[in-house]
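Chemist: Below is the structure I would like to discuss, written out as structure tokens.
None of the figures in this text is laboratory data; all of them are computed from the coordinates on show. This structure is a prediction, so every number in the text was calculated from the model and none was measured. Cβ placement follows ideal geometry from the backbone for every residue including glycine, while neighbour counts extend to all protein chains displayed.
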Amino acid sequence: MDLFAEQAAAHIPLAEGAVWLPGFALPYMPALWPCLQQHLSAHPAQQMMTPMGHPMSVKTSSMGHWGWVSSPQGYGYSAHDPVRQQPWPAIPAVIMALAAAAAEKAGYPTFTPDSCLINLYAPGSKMGLHQDKDETDFSQPIVSVSIGLPATFLFGGAQRSDKAVRIPLQHGDVVVWGGESRRYYHGVAAIKPNQHPLVGNRRINLTLRKAK
Ligand code: MD3
Ligand code: FE
């Protein structure tokens with residue numbers, strides 16, 4: 001029995017429009033990981049400030065036409081890296097191919113991301129419950145790729161008060177968030193310290209979006 005093929009084929013609906021694809025990104029990792037390491041050495045993830053004046057616990061970098069930025073002036077998408085004052089590098093072909101294949105498998109055959117946010121979590125880093133509202137076209141899904149240490153993903157509903165379910169996301173898991181779920185509250189519980197054989201003591205999440 002081919003356990004790997006079986007796992008990579010799993011397709012788990014989480015909510016209206018949200019599909020969890022455990023291990024979907026694993027076959028892409030040998031090409032993806034060197035690309036990502038190279039990107040991060042040239043464009044290190046930065047600790048941004050929230051508009052409330054607090055440092056984010058997650059560090060971020062971006063690829064694609066639009067990079068997500070946060071500062072005391074507000075947050076949203078910028079065509080320029082605020083640190084290097086240059087356009088962000090293009091999304092590598094392997095990441096575009098992964099995003100398109102995952103979106104298609106989840107029922108979104110025309111996904112055209114123009115933004116790839118890279119969230120870097122050290123042990124203890126977390127992301128509070130929030131909605132993603134900085135994009136213009138809510139009919140486009142969001143594709144997220146988990147890399148490195150596992151995380152407990154908190155997935156709520158349309159109201160902040162809706163009960164959140166806890167989803168254990170592992171290295172190589174992909175989740176596609178479209179339809180109703182696109183507006184749902186979500187967050188990430190504090191990352192537990194550990195070592196991942198490829199990625200070390202951190203979690204990296206790629207979030208592919210059509211920003212504009
Ligand atoms: C569910 N990042 O950057 S990705 C974010 O793991 C963010 O780094 C998390 O939330 C992370 O905004 C989660 C998964 C994700 C992204 C967008 C969503 C889940 C979502 C939008 C709606 C519902
Ligand atoms: Fe989010």
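Chemist: Can you give me the P(r) profile for segment 13-52? Cα pairs, bins 5 angstrom wide beginning at 0, each as a whole percent.
Modeler: Calculated over all Cα pairs of segment 13-52, the distribution is 6, 17, 12, 13, 13, 18, 17, 4, 0 percent.
Chemist: Right, next: What is the magnitude of the charge dipole of segment 12-209 about its Cα centre, with +1 placed on the Cβ of each Lys and Arg, -1 on the Cβ of each Asp and Glu, and no other charges, expressed in debye to the nearest 20? Walk me through the intermediate numbers first.
Modeler: Values: 14 positive and 11 negative charges, 119 e Å.
That gives a dipole near 580 debye.
Chemist: Taking 1 over the mean of 1/r across every pair of different Cα atoms in segment 12-209, what Kirkwood radius in Å do you get?
Modeler: Details: mean 1/r = 0.0595 Å⁻¹.
For segment 12-209, the Kirkwood estimate is 16.8 Å.
Chemist: What is the local net charge at residue 134, summed over the other residues whose Cβ is closer than 14 Å to its Cβ (Lys, Arg +1; Asp, Glu -1)? Mind showing how you got there, number by number?
Modeler: On the way: positive: 133, 182, 183, 209, 210, 212; negative: 114, 132, 135, 137.
In short, +2.
Chemist: In the chain, how many lysine pairs have Cα atoms under 19 Å apart, counting only pairs 8 or more places apart or on different chains?
Modeler: Working: 59/126; 59/192; 105/210; 126/163; 126/192; 133/210; 133/212.
Going through the chain pair by pair, I get 7.
Chemist: Taking amide H positions as placed 1.01 Å from N in the peptide plane, with prolines and chain starts having none, which residues 5 or more places from residue 59, or on another chain, fall under 5 Å of its amide H?
Modeler: 120, 122
Chemist: Mind running the shape call on segment 103-178? Use the C-alpha gyration tensor, a ≥ b ≥ c as the square roots of the eigenvalues: rounded below 1.5 for a/c, prolate if a/b tops b/c, oblate otherwise.
Modeler: Details: a/c = 1.62, a/b = 1.23, b/c = 1.32.
The shape class here is oblate.
Chemist: Express in nm, to one decimal, how much length is gained between residue 166 and residue 46 on full extension, taking 0.36 nm for each residue of separation and deducting their alpha carbon distance. Mind dumping the intermediate values first?
Modeler: Details: separation 120, 0.36 × 120 = 43.20 nm, distance 2.74 nm.
Between residue 166 and residue 46, full extension yields 40.5 nm more.
Chemist: Provide, for q = 0.13, 0.18, 0.24, 0.29 Å⁻¹, the log10 of I(q)/I(0) from a solvent-free Debye sum over equal Cα point scatterers in segment 147-212.
Modeler: Here log10 of I(q) over I(0) equals -0.42, -0.75, -1.09, -1.29.
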